Amino acid sequence: MERDERRGPAQPLPAAEAPFDAIGLARILLRSIRSGALATIDAGDGTPFASLVTIATDVDGTPLMLLSRLSAHTRNLIADPRCSLLFSQGGKGDPLAHPRLTVTGRAAQTGEARARERFLARHPKAKLYADFPDFGFFALEPAAGHLNGGFAKAATLDSRELLIDLAGAEAVVAGERGAVEHMNADHADAIALYAGAAGEGDGPWRLSGLDPEGMDLMAGDRTARITYPEPVRDMGALRQSLVAMAAAARAKAG
């Protein structure tokens, strides 16, 4: 059989056309991966430069980082904000068999109080150095995403597919921190039920954040992303969803 020299490399499908839930998987990876590879452009000669950073997300899914101005990647971002982040799930066996997501865009320092709150909720130990004068919080504004969900499962995403539209959900955003603190203080049993129903195993689990689509859980260095049956746009709908999820989890456990 003659080789067709005209055939080029296979192209991933747009997320909307993929034969699997590419948007859902990408958003789970965004929310559940706590560290990843940051690729920047060397400020000297333009060489690609990759380094390891810790990651959190804003309410809409925007990646957040806490970076030192003494680091090479921070100097690179200040000179040229173009960058990419690799979110890799990892696990046993072949590393390439596990889902991973590359997000490209531009990163800039942010002084938003919520960025600090959400990052430190995800990385409590970072409180030891977060306020050092050479450290700052950076947000990566996504332009596009490339998802590899495993063998023969690839898709491309735009920023609207990566991030949650917060329009109409302002009350959830404003009430997030209070709801997280309330759940952790008074409803640890319900949080354990959510994790158990999702097959995440024993904790102790706690909430690090919530948003209109789901909750971010932590147990030590482990993370879990729990999505609601339906997106919520106000605090009343959020409470109803959490109660219903706890009842369903109890019934499942029983």
statement: The residue that is nearest to Val172 (Cα to Cα), considering only those in the stretch 55-78 that are of a type in the set (S, T, N, Q) and touching a helix residue (DSSP H, G or I) at 6+ places or on another chain (Cβ under 7 Å), is Thr57
- request: Search the stretch 127-138 for residues that are under 13 Å from His73 (Cβ atoms) and at pLDDT below 95 and pair each with any residue that is open to solvent by 50 Å² or more (accessible area, probe 1.4 Å) and assigned to a strand (DSSP E or B) when their beta-carbon atoms are under 7 Å apart and the residues are at least 6 apart or on different chains.
  value: none
- request: Identify, by number, the condition in (1) within 19 Å of the chain's Cα centre (by Cα); (2) open to solvent by less than 50 Å² (accessible area, probe 1.4 Å) that Gly175 doesn't meet.
  value: (1)
message: Considering only residues that are of a type in the set (Phe, Trp, Tyr) and closer than 20 Å to Thr57 by Cα, which ones fall in the stretch 186-223?
response: Trp205
message: Quick check on my filter: what residues within the stretch 139-179 are in contact (Cβ under 8 Å) with a residue 12 or more places away in the chain and assigned to a helix (DSSP H, G or I)?
response: Ser159, Glu161, Leu162, Ala171, Val172, Val173, Gly175, Glu176, Arg177, Ala179
task: Filter the stretch 49-71 for residues that are open to solvent by 30 Å² or more (accessible area, probe 1.4 Å) and either touching an Asp or Glu at 6+ places or on another chain (Cβ under 9 Å) or within 23 Å of Lys127 (Cβ to Cβ) (or both) and give the result.
output: Phe49, Leu52, Thr54, Asp60, Arg69, Leu70, Ser71
- line: The condition from (1) open to solvent by 60 Å² or more (accessible area, probe 1.4 Å); (2) more than 19 Å from Arg34 (Cβ to Cβ) that Arg116 misses is numbered (2)
statement: Only unsatisfied item for Gly46, checking (1) open to solvent by 20 Å² or more (accessible area, probe 1.4 Å); (2) over 23 Å from Ala130 (Cβ atoms); (3) within 17 Å of the chain's Cα centre (by Cα), is (3)
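The values are calculated or read from the model by the stated rules, or taken from the named source; none is laboratory data. It should be emphasised that the depicted structure is a prediction, and the values quoted were computed from it without experimental measurement. Cβ: placed from backbone, ideal geometry, glycine included. Neighbour counts: every protein chain shown. Ligands, DNA and RNA are stripped out before the accessible areas are found, and what is left, the full protein with its side chains, is counted by its heavy atoms. Shrake-Rupley method; radii C 1.70, N 1.55, O 1.52, S 1.80 Å.
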